[in-house]
Structures are given as C-alpha cells and as structure tokens.
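Peer 1: Once you've had a glance at the structure underneath, I'll fire off some questions.
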Amino acid sequence: MRIALVALLIAGLGLAYAAIMITTTPHTTPWRVAADGLYIDRPLDHDFYPKSELLLSAMKIIDLAESPAWRPAYREHGEGGMGYSAGAWTLFNGTKVRLHFAHESRAILIPRRRGRPVMIGIGDLDAFLAKARATWGVPAIP
C-alpha cells in the first residue's frame, strides 16, 4: 500500500513538472532591445547584455538551415529542455557562445567586448533589426 502511494506521488510530481515545463517554456526566444542593452526574458529570470559590451557593428545574421555548422552542439552549462536552450554552448563549428535558442531557423550573432559572443534565435528577424536600428542606431546588416 505504501509503495503504491509513493509511486503515485512520484508519478504526480513528474506530471506536474512536465505540465509546468510545457506551459512556461518559450517557443521563440523572448528578447527585448532597450536603450541600455539587450534583455533575454526567460520564464523565471532574464539575462542582460549592456549595450556598451555589444559590438553592434559586427552583428551577423545566421541562417541555420544554410549553415548547419552554426547549430548548437553541446551545452557546457545553462538550461535546456522542452525546446528551449540557454547558457554557455559550443557550436558544431567549435565557436563558444552564450546561446538563447528555441525553435528558430535564423539567429543573430553579436560579438562582445569581453566574453563569449551572444547568439539569439530570432523568430521575427525584421522586428529585431527594426528595433535595433531605432534604439541603438545599428546600420543595415549585409
């Protein structure tokens, strides 16, 4: 009887965890361009990259379908699961990045003055670039 009760409790906790992960995991990377920098809003926290740290003139658009070497290979530390990944990652081409990625097919790579470049999966690339131009004065990216 006790074993069945413990098993039922464990199964209930597992289902509750799965329900929380499914409902709180973003399906696109939740970004915010602000005057002071770039915010990546995760369900329980956010990452902030100050504008002064970002090398905006070196920003690069990456089409992951055309350049599979830029896809995430393995996580060194951070979070991941249920289709969203964030943290320190190494890509298939060996580049080490701060990654924020859901199911997007395109990404923005932004080098930083110190530390790893930031790679953000972008669902609506035009909206990101328009906001970056309006807020930061970023020129067009080739």
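Peer 1: For the pair Arg32 and Ala73, what calculated FRET efficiency results from E = 1/(1 + (r/R0)^6), where r is the Cβ-Cβ distance and R0 = 22 Å, to the nearest 0.05? Mind dumping the intermediate values first?
Peer 2: Numbers: r = 27 Å, r/R0 = 1.25.
My answer for the efficiency is 0.20.
Peer 1: What is the spread of the Cα atoms of the chain along each of their three principal axes, largest first, in whole Å?
Peer 2: 68, 31, 26
Peer 1: What relative contact order, as a whole-number percentage, does the chain give when Cα pairs under 8 Å and 6 or more residues apart are counted?
Peer 2: Relative contact order comes out at 21 percent.
Peer 1: Let me ask something else about it. Sort Met119, Met1, Met59 so that the residue with the fewest other Cβ atoms within 10 Å of its own Cβ comes first and the one with the most comes last.
Peer 2: Details: Met119 23, Met1 5, Met59 20.
Lowest to highest Cβ neighbour count: Met1, Met59, Met119.
Peer 1: Moving on to the next point. Name the residues of the range 50-70 whose amide N is less than 14 Å from a point 7 angstrom out from the Cα of Ser105 along the C-beta direction?
Peer 2: Label zone hits: 62-68.
Peer 1: Using a 7 Å offset from the Cα along the Cα-to-Cβ direction at both Leu55 and Leu13, what is the distance between the two label points in nm, to one decimal?
Peer 2: Output for this residue pair reads 4.7 nm.
Peer 1: Among His100, His77, His46, which comes first, second and so on when ranked by fewest other beta-carbon atoms within 10 Å?
Peer 2: Taking fewest neighbouring Cβ atoms as first place, the list is His77, His46, His100.
Peer 1: Given points 7 Å out from each Cα along the Cα-Cβ axis, report the Leu125 to Ala65 separation in nanometres with one decimal.
Peer 2: Rounded to a tenth, the inter-label distance reads 1.0 nm.
Peer 1: Under a crude label model (7 Å from the Cα following the beta-carbon direction), how far is Ala140 from Phe48 in nanometres?
Peer 2: For Ala140 paired with Phe48, the spin-label model returns 3.4 nm.
Peer 1: Also, quick follow-up: Please give the helix 125-136 orientation as an angle from the longest Cα principal axis of the chain, in degrees from 0 to 90, rounded to the nearest 10.
Peer 2: Between the helix axis and the principal axis of the chain, the angle is about 60 degrees.
Peer 1: Among Leu129, Leu15, Leu109, whose mean-square fluctuation peaks in a Gaussian network model of the chain (Cα, cutoff 10 Å)?
Peer 2: Of Leu129, Leu15, Leu109, the most mobile in the Gaussian network model is Leu15.
Read-outs: derived from the displayed coordinates by stated rules, not from any lab. Keep in mind the model is a prediction, meaning the values are calculated, not measured. Counting neighbours? That spans all protein chains shown, and the Cβs are built from the backbone with ideal geometry, glycine included.
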